[in-house]
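Worksheet: one structure, shown below.
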Amino acid sequence: MNLTKKHQEKIWGESGPYSQVNLKIENRILDDAVSRIFVIVETELNPFTFELIKKNSEKFKNDKMIQGILKNSEYQGIGYGYVSCAYQGELMQEGDAKINDKTFEIAHEILAIAQQATIKMHKFVMDFLKEKNDEK
């Protein structure tokens, strides 16, 4: 795929789309102690992919994760792209003796769904770019 420098900056990859799906642990600190701990699943979609999928959103109307990403993403600039929280669950509150394992299970399930959605969007972009390349 031949990409212009402008497209490479927006797609983040040298020859194709690059994005991230993150599983984060967030420790919330109140005063001098950890008050709560959360697990977060977050997508960081490159601007090129997000904008192309948004323009073609009707092709993904039955994909809840992709629709959620399109609806709930916030543009964070060229370096972070479109960021969306796919899941946030509380792992532990101050004074709890153990971590909520169910929250981890759900987070890992959502992580897998978000990864598959991102791959699906990348495949769409790759097919789009191949088609544009073939037209030349």
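If you go through segment 19-39 and pick out every residue that is touching a helix residue (DSSP H, G or I) at 6+ places or on another chain (Cβ under 8 Å) and surrounded by 17 or more Cβ atoms within 10 Å (Cβ to Cβ), you end up with 3. Count of segment 80-113 residues, restricted to those that are over 14 Å from the mean Cα position of the chain (by Cα) and either under 19 Å from N46 (Cβ atoms) or hydroxyl-bearing (S, T, Y) (or both), is 1. Just so you know, in segment 111-136 the residues that are touching a helix residue (DSSP H, G or I) at 6+ places or on another chain (Cβ under 7 Å) and more than 18 Å from G68 (Cα to Cα) include one that is most open to solvent (accessible area, probe 1.4 Å), and it is F128.
Yes or no, residue by residue, for (1) without any contact (Cβ under 8 Å) to a residue 40 or more places away in the chain; (2) in a loop (DSSP other than H, G, I, E, B); (3) buried (at least 16 other Cβ atoms within 10 Å of the Cβ):
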| residue | (1), (2), (3) |
| --- | --- |
| I66 | no, no, yes |
| K71 | yes, no, no |
| Y80 | yes, yes, no |
| Y87 | no, no, yes |
| M92 | no, no, yes |
| D96 | yes, yes, no |
| I106 | yes, no, no |
| E109 | yes, no, no |
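Whether any residue in segment 51-60 is part of a loop (DSSP other than H, G, I, E, B), touching a Phe, Trp or Tyr at 6+ places or on another chain (Cβ under 6 Å), touching a residue at least 40 places away in the same chain (Cβ under 8 Å) and not hydroxyl-bearing (S, T, Y) is what I want to check. The answer is no, given that none of the residues of segment 51-60 is part of a loop (DSSP other than H, G, I, E, B), touching a Phe, Trp or Tyr at 6+ places or on another chain (Cβ under 6 Å), touching a residue at least 40 places away in the same chain (Cβ under 8 Å) and not hydroxyl-bearing (S, T, Y).
The values are calculated or read from the model by the stated rules, or taken from the named source; none is laboratory data. Source: prediction; values computed, not measured. Virtual Cβ from ideal backbone geometry, glycine too; neighbours counted across all protein chains shown. Side chains are part of the model used for accessible areas, which takes the heavy atoms of the whole protein and leaves out ligands, DNA and RNA. Shrake-Rupley method; radii C 1.70, N 1.55, O 1.52, S 1.80 Å.
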